[in-house]
Every structure is written in C-alpha cells, then in structure tokens.
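Enquirer: Dropping the structure in here first, questions after.
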Amino acid sequence: MAVSEMLRIVILGPQGSGKGTQAELLSFHLGLPAFTMGGMLREEVTRNGSHASEIKPYLEAGTLVPHWISIELLRKRLRAPDVVRGFICDGFPRAVEQQEAIDAIAPPTHVVVLQLSDELAVERLTGRLVSACGEVYHVKWFPPKRPGICDSCGGKLEHRTDDTPQAIRERLSIYHHETEEVIRRYEAAGLVHYIDASGTVPVVHAAILEALGLRKT
Ligand code: AP5
C-alpha cells in the first residue's frame, strides 16, 4: 500500500477486544490521529460539556448514547485539521444510522474487526484499570509497576464505572444485535479485515498490519 494512500480506518469489535489499545498502536505506527467515540463521550462528561447530563446515564448503563449526539461529536472531530491525511476511529459506527452518517462524511477505507469470545472480553474488562491521563492497564496482563498507581502520571488507577458485570453484559448484547449488522454491511462492501484478537497485544498489532498490507509478519 502506498504511504500516501488516504487511510480512514475504523476499528470495531466486542468490548474488551482491544480496540483502544490497537488504535493507539496503529496511530503511532502510521502517524495518523486515533480517536475513540467512548473516550470523546467520557471527556464531554468530565469537562461538563453541553451534552454531559444527557450522556452520563447511557455511559453508566453501557447503552448507546442517542445517535444525534455521537454523530454531532463525530462531525466536530472530523472538522479538525489533523484528520486531513486520514484517521483511526475506534468504536464508531455501532449502529446502521451511525454507519450511514460516517459513510456520508468520511467513508472508511478499511474496517478492522477484532474477534474475541464474550468470556475473554469479560475477563479483560473486569481486570482493566485506567488512569486519568489515559493510560490503560490490566491487573493480570499489563500490571502497573506499583499496584494501583499509574506508571506515567503517578495518579491513582481505577476501574471504569461501566466495567461492572451488568453494564458489560449490556454492551456485549448491543454489539451482537446492532454492531454486527454494521459489520455485515461493510463486509458486503468488501471493506472488512477480521483479526483474531485473542493473542498478545504485539501479535494482534502485527496481524492488523499484515491484513492492511502495511507490513509482513
Ligand atoms: P467504549 O469506551 O468504546 O467502550 P467499549 O466499546 O465497551 O470498549 P472498551 O473500551 O471497553 O474496550 P476496547 O475494545 O477498547 O478494549 P481496551 O483496548 O480498553 O464505549 C463506552 C460507552 O460509550 C458505550 O458503552 C456507550 O455508552 C458509549 N459509546 C461509545 N461509542 C458509541 C457510539 N458509537 N454510539 C453511541 N454510544 C457510544 O482493552 C480492554 C482491556 O484488555 C485493557 O485492560 C487492556 O489492557 C487489555 N487488553 C487489550 N488487548 C489485550 C490483549 N491482546 N491481551 C490481553 N489483554 C489485552
């Protein structure tokens, strides 16, 4: 693939499949910005933005925030100058209405689908620890050097408020019922690269690069 070719990569997959983790690695590898819809929504709540009170209950329950809000945030993000050469988008679109929106504004050139069993997804999420600076750890697979303390900023590590068994079940159910329909539609358009996400982080990263024709493993 020519380096100059515009890459608009969407990463989809069940909760805990490593979308955020792999989006960051791809961003570093390709020199393209990565953004996550979940992260943008959490930021809107943290900075008490205009939609904060509307978004918060959906995040806590693990259900999709209303499409008009996520589509508005997407439009805003895609107006920023850093996405002119392309982008890596994690967690959008998750429903057909969202798919129609992104296809009209900036149609993806590649859709990477991380595949992981629900059992492993739950194991990953219940062990996830996050830092206010954005670093993500796992109690078993990526523990911080000092328990409960972020290696990068020294802040306290916490579980995400939506990493409860009930919210995880809700999020997985939405994935199977709504997002898989989006994936089927992108598959019909010949855009999907399925990746086994059960391996280690570097193994999954290498498989994505290989699938996108960016590097041989
Ligand atoms: P979002 O923040 O996107 O959450 P999610 O989809 O539930 O995905 P996660 O962040 O839980 O998982 P991930 O796949 O990114 O995994 P990660 O890399 O962190 O969305 C949150 C909420 O926002 C939604 O519930 C909804 O309310 C709302 N929202 C988001 N998008 C929306 C949209 N489009 N429309 C409407 N509402 C929307 O990894 C997980 C853990 O596993 C970490 O601890 C990590 O260290 C570890 N890990 C990662 N890879 C590996 C590996 N290969 N081996 C071992 N451990 C690994």
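The values are calculated or read from the model by the stated rules, or taken from the named source; none is laboratory data. Just so it is clear, the structure is predicted and the values come from calculations on it, not from any experiment. Every residue, glycine as well, gets a Cβ built from its backbone with ideal geometry; the counts of neighbours run over all protein chains shown.
Enquirer: Which residue pairs have Cβ atoms under 6 Å apart, sit 6 or more places apart or on different chains, and have a first residue in segment 64-85 that is of a type in the set (Gly, Ala, Ser) and a second that is more than 12 Å from the ligand (Cβ to nearest atom) and part of a loop (DSSP other than H, G, I, E, B)?
Expert: none
Enquirer: Only one of 63, 36 is at pLDDT 95 or above, closer than 23 Å to residue 132 by Cα and of a type in the set (S, T, N, Q); which? Lay out the reasoning, then the answer.
Expert: On the way: 63 fails: at pLDDT 95 or above.
Step by step, each of 63, 36 is checked, and only 36 is at pLDDT 95 or above, closer than 23 Å to residue 132 by Cα and of a type in the set (S, T, N, Q).
Enquirer: Give just the number: which of (1) more than 8 Å from the ligand (Cβ to nearest atom); (2) surrounded by 13 or more Cβ atoms within 10 Å (Cβ to Cβ); (3) under 21 Å from residue 23 (Cβ atoms); (4) modelled with pLDDT under 95 does residue 132 not satisfy?
Expert: Going through (1) more than 8 Å from the ligand (Cβ to nearest atom); (2) surrounded by 13 or more Cβ atoms within 10 Å (Cβ to Cβ); (3) under 21 Å from residue 23 (Cβ atoms); (4) modelled with pLDDT under 95 one by one, residue 132 breaks only (2).
Enquirer: Could I ask something else about it? Given the condition in contact with a Leu (Cβ under 6 Å, 6 or more places away or on another chain), under 24 Å from residue 160 (Cα atoms) and away from the ligand (no atom under 11 Å from the Cβ), answer yes or no: does some residue in segment 86-94 qualify?
Expert: Yes: segment 86-94 contains one or more residues that are in contact with a Leu (Cβ under 6 Å, 6 or more places away or on another chain), under 24 Å from residue 160 (Cα atoms) and away from the ligand (no atom under 11 Å from the Cβ).
Enquirer: Something else: Tell me, please, whether a residue that is assigned to a helix (DSSP H, G or I), farther than 28 Å from residue 201 by Cα and modelled with pLDDT of 95 or more can be found in segment 89-96. I'd like the intermediate steps shown before the answer.
Expert: If we filter segment 89-96 for residues that are assigned to a helix (DSSP H, G or I), which is where we start, we get 96.
Now narrow it down to the ones that are farther than 28 Å from residue 201 by Cα: 96.
Filter once more, so that each one left must be modelled with pLDDT of 95 or more: 96.
Yes, segment 89-96 has at least one match.
Enquirer: Does residue 187 fit the bill of being over 17 Å from residue 124 (Cβ atoms), more than 11 Å from the ligand (Cβ to nearest atom), in contact with a helix residue (DSSP H, G or I) (Cβ under 9 Å, 6 or more places away or on another chain) and not in a loop (DSSP other than H, G, I, E, B)?
Expert: Details: over 17 Å from residue 124 (Cβ atoms): yes; more than 11 Å from the ligand (Cβ to nearest atom): yes; in contact with a helix residue (DSSP H, G or I) (Cβ under 9 Å, 6 or more places away or on another chain): no; not in a loop (DSSP other than H, G, I, E, B): yes.
For residue 187, the condition - over 17 Å from residue 124 (Cβ atoms), more than 11 Å from the ligand (Cβ to nearest atom), in contact with a helix residue (DSSP H, G or I) (Cβ under 9 Å, 6 or more places away or on another chain) and not in a loop (DSSP other than H, G, I, E, B) - is not met.
Enquirer: Would you check if there is a residue in segment 146-153 being in contact (Cβ under 8 Å) with a residue 60 or more places away in the chain, more than 11 Å from the ligand (Cβ to nearest atom), on the phi > 0 side of the Ramachandran plot and assigned to a loop (DSSP other than H, G, I, E, B)? Break it down stepwise before answering.
Expert: First pass over segment 146-153, keeping only residues in contact (Cβ under 8 Å) with a residue 60 or more places away in the chain: none.
So far as segment 146-153 goes, no, none of its residues is in contact (Cβ under 8 Å) with a residue 60 or more places away in the chain, more than 11 Å from the ligand (Cβ to nearest atom), on the phi > 0 side of the Ramachandran plot and assigned to a loop (DSSP other than H, G, I, E, B).
Enquirer: Moving on to the next point. Give me the pairs, please: first residue somewhere in segment 18-36 and within 24 Å of residue 70 (Cα to Cα), second residue anywhere and among the polar types (S, T, N, Q), beta-carbon distance under 8 Å, and either six or more positions apart or on two chains.
Expert: These pairs meet every condition: 19/36; 20/36; 23/36; 33/27; 34/27.
Enquirer: If you don't mind, another one. In the list 124, 160, which residue meets the criterion of being within 24 Å of residue 41 (Cβ to Cβ), basic (Lys, Arg), within 10 Å of the ligand (Cβ to nearest atom) and surrounded by fewer than 19 Cβ atoms within 10 Å (Cβ to Cβ)?
Expert: That would be 160, the only listed residue that is within 24 Å of residue 41 (Cβ to Cβ), basic (Lys, Arg), within 10 Å of the ligand (Cβ to nearest atom) and surrounded by fewer than 19 Cβ atoms within 10 Å (Cβ to Cβ).
Enquirer: Test residue 54 against the stated conditions and say whether it is farther than 19 Å from residue 170 by Cβ and acidic (Asp, Glu). Step through it out loud before you land on a result.
Expert: Working: farther than 19 Å from residue 170 by Cβ: no; acidic (Asp, Glu): yes.
Answer is no for this residue.
Enquirer: Residues being under 25 Å from residue 160 (Cα atoms), near the ligand (Cβ under 10 Å from one of its atoms) and either more than 17 Å from the chain's Cα centre (by Cα) or in a strand (DSSP E or B) (or both): count how many of those fall in segment 97-119.
Expert: Here is the first cut: in segment 97-119, the ones under 25 Å from residue 160 (Cα atoms) are 98, 112-119.
Those still in the list that are near the ligand (Cβ under 10 Å from one of its atoms) too: 98, 114, 116.
In the following step, the residues that additionally are either more than 17 Å from the chain's Cα centre (by Cα) or in a strand (DSSP E or B) (or both) were identified as 114.
So the count comes out to 1.
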